[in-house]
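Participant: Take a look at the following structure, please.
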Amino acid sequence: IIQLSAPIEKIPLLRYLNLCYLNEDEIDPSACQFLSTFDVRINQSITFDSNYTIPRRCSFFFKSMGYERIRTFHLKNFSPYGACRCVHFIIKKIPSIAKIIFDGYSTLVPNQLKPDNLKPKVPISFAFINCKLADSCFIGLIENISKLNGEIQRFSIENMTLSSESWNYLFYAFNTFKAWSTLECCDFNSVDLKGVSIEDVSTSILILQ
(Lines give C-alpha, C1' and ligand atoms only; values in the text may rest on other atoms or scores of the structure.)
Protein backbone atom coordinates (compact mmCIF):
# COMPACT_ATOMS: atom_id res chain seq x y z
CA ILE A 1 0.00 0.00 0.00
CA ILE A 2 1.37 3.43 -0.98
CA GLN A 3 0.53 6.34 1.28
CA LEU A 4 -0.32 9.42 -0.84
CA SER A 5 0.34 12.82 0.69
CA ALA A 6 -1.60 14.81 -1.93
CA PRO A 7 -5.33 15.31 -2.42
CA ILE A 8 -6.70 12.61 -4.69
CA GLU A 9 -7.83 15.22 -7.23
CA LYS A 10 -4.21 15.88 -8.21
CA ILE A 11 -4.37 15.26 -11.96
CA PRO A 12 -0.72 14.19 -12.64
CA LEU A 13 -0.83 11.60 -9.88
CA LEU A 14 -4.16 10.24 -11.07
CA ARG A 15 -2.86 9.99 -14.63
CA TYR A 16 0.19 8.05 -13.45
CA LEU A 17 -1.81 5.62 -11.31
CA ASN A 18 -4.24 5.07 -14.17
CA LEU A 19 -1.45 4.35 -16.68
CA CYS A 20 0.15 1.85 -14.30
CA TYR A 21 -3.20 0.15 -13.70
CA LEU A 22 -4.13 -0.07 -17.39
CA ASN A 23 -0.72 -1.53 -18.29
CA GLU A 24 -0.53 -3.78 -15.21
CA ASP A 25 2.73 -2.10 -14.27
CA GLU A 26 4.17 -1.75 -10.78
CA ILE A 27 3.59 1.64 -9.14
CA ASP A 28 6.79 3.52 -8.28
CA PRO A 29 6.58 5.17 -4.81
CA SER A 30 9.24 7.75 -5.75
CA ALA A 31 7.23 8.77 -8.82
CA CYS A 32 4.10 9.09 -6.68
CA GLN A 33 5.96 11.26 -4.18
CA PHE A 34 7.08 13.64 -6.92
CA LEU A 35 3.75 13.80 -8.74
CA SER A 36 1.86 14.43 -5.50
CA THR A 37 3.54 17.86 -5.30
CA PHE A 38 3.55 18.70 -9.01
CA ASP A 39 0.91 21.23 -10.09
CA VAL A 40 0.44 20.90 -13.83
CA ARG A 41 -1.30 24.30 -13.98
CA ILE A 42 1.72 26.35 -12.89
CA ASN A 43 4.91 24.28 -13.19
CA GLN A 44 7.01 24.79 -16.31
CA SER A 45 10.11 23.17 -14.86
CA ILE A 46 11.07 19.82 -13.35
CA THR A 47 13.65 19.58 -10.56
CA PHE A 48 15.06 16.19 -9.59
CA ASP A 49 17.42 16.04 -6.60
CA SER A 50 19.31 13.25 -4.88
CA ASN A 51 16.16 12.18 -3.00
CA TYR A 52 14.61 10.82 -6.21
CA THR A 53 15.40 7.82 -8.34
CA ILE A 54 14.78 7.34 -12.05
CA PRO A 55 11.15 6.24 -12.52
CA ARG A 56 10.74 2.63 -13.57
CA ARG A 57 8.66 3.67 -16.58
CA CYS A 58 9.81 7.12 -17.70
CA SER A 59 7.15 7.36 -20.39
CA PHE A 60 4.31 6.92 -17.86
CA PHE A 61 5.91 9.36 -15.46
CA PHE A 62 6.38 12.24 -17.92
CA LYS A 63 3.05 11.69 -19.71
CA SER A 64 1.36 12.11 -16.35
CA MET A 65 2.68 15.67 -16.02
CA GLY A 66 1.18 16.96 -19.27
CA TYR A 67 4.70 17.57 -20.50
CA GLU A 68 3.72 19.94 -23.32
CA ARG A 69 4.34 22.85 -20.92
CA ILE A 70 7.69 21.74 -19.46
CA ARG A 71 10.60 23.98 -20.52
CA THR A 72 13.34 23.43 -17.91
CA PHE A 73 14.84 20.21 -16.54
CA HIS A 74 17.00 20.83 -13.44
CA LEU A 75 19.05 17.90 -12.12
CA LYS A 76 20.54 18.51 -8.65
CA ASN A 77 22.98 15.63 -8.15
CA PHE A 78 20.18 13.33 -9.22
CA SER A 79 21.28 9.79 -10.14
CA PRO A 80 24.84 10.57 -11.41
CA TYR A 81 25.05 7.26 -13.25
CA GLY A 82 21.65 7.65 -14.92
CA ALA A 83 21.13 11.41 -15.28
CA CYS A 84 22.37 11.62 -18.87
CA ARG A 85 20.11 8.74 -19.88
CA CYS A 86 17.21 10.67 -18.37
CA VAL A 87 18.25 13.82 -20.28
CA HIS A 88 18.27 11.81 -23.51
CA PHE A 89 14.69 10.74 -22.84
CA ILE A 90 13.62 14.28 -21.92
CA ILE A 91 15.02 15.87 -25.10
CA LYS A 92 13.61 13.08 -27.25
CA LYS A 93 10.10 13.02 -25.79
CA ILE A 94 9.35 16.55 -24.57
CA PRO A 95 9.17 18.94 -27.55
CA SER A 96 8.96 22.08 -25.39
CA ILE A 97 12.15 21.45 -23.41
CA ALA A 98 14.48 24.44 -23.75
CA LYS A 99 16.96 24.24 -20.86
CA ILE A 100 18.92 21.48 -19.14
CA ILE A 101 20.72 22.24 -15.85
CA PHE A 102 23.34 19.92 -14.33
CA ASP A 103 23.83 20.98 -10.71
CA GLY A 104 26.22 19.63 -8.07
CA TYR A 105 27.72 16.68 -9.95
CA SER A 106 31.13 15.12 -9.44
CA THR A 107 30.60 12.49 -12.13
CA LEU A 108 28.26 11.72 -15.01
CA VAL A 109 28.16 9.21 -17.90
CA PRO A 110 28.39 11.34 -21.09
CA ASN A 111 27.82 8.49 -23.57
CA GLN A 112 24.32 7.97 -22.17
CA LEU A 113 23.28 11.19 -23.94
CA LYS A 114 23.37 9.34 -27.30
CA PRO A 115 22.98 12.59 -29.26
CA ASP A 116 23.06 11.19 -32.80
CA ASN A 117 19.31 10.49 -32.83
CA LEU A 118 18.28 13.56 -30.82
CA LYS A 119 16.75 16.57 -32.52
CA PRO A 120 15.48 19.21 -30.08
CA LYS A 121 12.29 20.86 -31.31
CA VAL A 122 13.30 24.30 -29.98
CA PRO A 123 16.69 25.99 -29.42
CA ILE A 124 18.12 24.50 -26.23
CA SER A 125 20.38 25.81 -23.45
CA PHE A 126 22.75 23.94 -21.14
CA ALA A 127 24.05 24.99 -17.73
CA PHE A 128 26.60 23.43 -15.39
CA ILE A 129 26.43 24.70 -11.80
CA ASN A 130 28.51 23.69 -8.76
CA CYS A 131 29.99 20.70 -10.60
CA LYS A 132 33.42 19.14 -9.95
CA LEU A 133 33.92 17.04 -13.04
CA ALA A 134 37.11 15.35 -14.20
CA ASP A 135 38.49 16.59 -17.53
CA SER A 136 37.51 13.35 -19.28
CA CYS A 137 33.92 13.67 -18.05
CA PHE A 138 33.50 17.35 -18.91
CA ILE A 139 35.07 16.93 -22.35
CA GLY A 140 32.88 13.87 -22.96
CA LEU A 141 29.78 15.89 -22.11
CA ILE A 142 30.75 18.74 -24.44
CA GLU A 143 31.60 16.27 -27.20
CA ASN A 144 28.20 14.59 -26.93
CA ILE A 145 26.24 17.84 -26.62
CA SER A 146 28.05 19.10 -29.72
CA LYS A 147 26.59 16.26 -31.78
CA LEU A 148 22.97 17.24 -31.19
CA ASN A 149 20.94 17.62 -34.37
CA GLY A 150 19.55 20.95 -33.27
CA GLU A 151 20.33 24.48 -32.15
CA ILE A 152 22.10 25.43 -28.92
CA GLN A 153 21.06 28.88 -27.79
CA ARG A 154 22.88 29.47 -24.50
CA PHE A 155 25.67 27.84 -22.47
CA SER A 156 26.46 28.62 -18.83
CA ILE A 157 29.07 27.55 -16.29
CA GLU A 158 28.86 28.69 -12.68
CA ASN A 159 31.05 27.96 -9.65
CA MET A 160 33.31 25.42 -11.34
CA THR A 161 37.00 24.79 -11.99
CA LEU A 162 38.18 24.24 -15.56
CA SER A 163 41.62 23.06 -16.59
CA SER A 164 43.31 24.29 -19.74
CA GLU A 165 42.39 21.00 -21.44
CA SER A 166 38.68 21.41 -20.67
CA TRP A 167 38.71 25.12 -21.52
CA ASN A 168 40.45 24.62 -24.86
CA TYR A 169 38.19 21.73 -25.88
CA LEU A 170 35.09 23.75 -25.04
CA PHE A 171 36.08 26.55 -27.39
CA TYR A 172 37.27 24.08 -30.00
CA ALA A 173 33.75 22.67 -29.93
CA PHE A 174 32.20 26.14 -30.19
CA ASN A 175 34.25 26.74 -33.32
CA THR A 176 33.83 23.31 -34.91
CA PHE A 177 30.42 21.75 -34.42
CA LYS A 178 27.28 22.94 -36.19
CA ALA A 179 25.08 22.79 -33.08
CA TRP A 180 27.04 25.69 -31.54
CA SER A 181 26.72 27.95 -34.58
CA THR A 182 23.47 29.35 -33.16
CA LEU A 183 24.96 30.13 -29.73
CA GLU A 184 23.68 33.54 -28.62
CA CYS A 185 25.07 33.78 -25.09
CA CYS A 186 27.89 32.16 -23.12
CA ASP A 187 28.03 32.85 -19.36
CA PHE A 188 30.94 32.14 -17.03
CA ASN A 189 30.34 33.03 -13.38
CA SER A 190 32.82 32.22 -10.58
CA VAL A 191 34.86 29.94 -12.85
CA ASP A 192 38.37 29.07 -11.65
CA LEU A 193 40.70 28.53 -14.60
CA LYS A 194 43.60 26.22 -13.78
CA GLY A 195 46.58 26.52 -16.09
CA VAL A 196 44.69 28.62 -18.65
CA SER A 197 46.98 31.28 -20.07
CA ILE A 198 46.04 34.84 -21.00
CA GLU A 199 46.71 33.87 -24.61
CA ASP A 200 44.20 31.01 -24.37
CA VAL A 201 41.56 33.36 -22.97
CA SER A 202 42.22 35.95 -25.69
CA THR A 203 41.97 33.32 -28.42
CA SER A 204 38.74 32.03 -26.89
CA ILE A 205 37.18 35.47 -26.86
CA LEU A 206 38.01 35.89 -30.55
CA ILE A 207 36.22 32.61 -31.31
CA LEU A 208 33.03 33.92 -29.71
CA GLN A 209 33.06 37.20 -31.59
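Participant: Would you kindly state how much longer the chain becomes between residue 136 and residue 185 on full extension, computed as 0.36 nm times their sequence separation minus their alpha carbon distance, in nm to one decimal? Show your work: numbers first, answer last.
Facilitator: Details: separation 49, 0.36 × 49 = 17.64 nm, distance 2.46 nm.
Going from the current span to full extension adds 15.2 nm.
Participant: Next question. Once the Cα atoms of the chain are picked out, what are the Rg and Dmax in Å?
Facilitator: 18.6, 63
Participant: Accessible area per residue for region 128-189 in Å², computed with a 1.4 Å probe and the full protein assembly in place, what is it?
Facilitator: On the way: 2850 Å² over 62 residues.
It amounts to 46 Å² per residue over region 128-189.
Participant: Shifting gears a bit: Considering only 16, 172, 193, whose Cα is most displaced toward the positive end of the charge dipole of the chain, charges sitting on Cβ of Lys, Arg (+1) and Asp, Glu (-1)?
Facilitator: After comparing all options, I get 16.
Participant: At what distance in nm do the modelled label points of residue 193 and residue 71 sit from each other, each positioned 7 Å from its Cα along Cα→Cβ?
Facilitator: 3.2 nm
Participant: What distance in nm lies between label points placed 7 Å from Cα along the C-beta direction at residue 92 and residue 156?
Facilitator: Rounded to a tenth, the inter-label distance reads 2.8 nm.
Participant: State to the nearest 20 debye the size of the charge dipole of the chain about its Cα centre, where the only charges are +1 on K and R beta carbons and -1 on D and E beta carbons.
Facilitator: Numbers: 21 positive and 20 negative charges, 144 e Å.
In debye, rounded to 20, the chain gives about 700.
Participant: In addition: Measuring from a point 7 Å past the Cα of residue 122 along Cα-to-C-beta, which residues in region 73-114 have an amide N at less than 19 Å?
Facilitator: Within reach of a label on residue 122, which here means backbone N under 19 Å from a point 7 Å along Cα→Cβ, region 73-114 contributes 73-75, 87-102.
Participant: Now, a different point. Can you pull the percent of the chain's accessible area that's carbon plus sulfur, 1.4 Å probe, other chains left in place? Walk me through the numbers before you get to the answer.
Facilitator: Numbers: 5310 of 10930 Å².
The computed percentage sits at 49.
The values are calculated or read from the model by the stated rules, or taken from the named source; none is laboratory data. Just so we're clear, the structure is a prediction, and the values are computed from it rather than from any experiment. Positions of Cβ are generated from backbone atoms using ideal geometry, with glycine treated the same way; all protein chains shown enter the neighbour counts. Heads up: the accessible areas ignore ligands, DNA and RNA and are worked out on the full protein's heavy atoms, side chains in. Shrake-Rupley method; radii C 1.70, N 1.55, O 1.52, S 1.80 Å.
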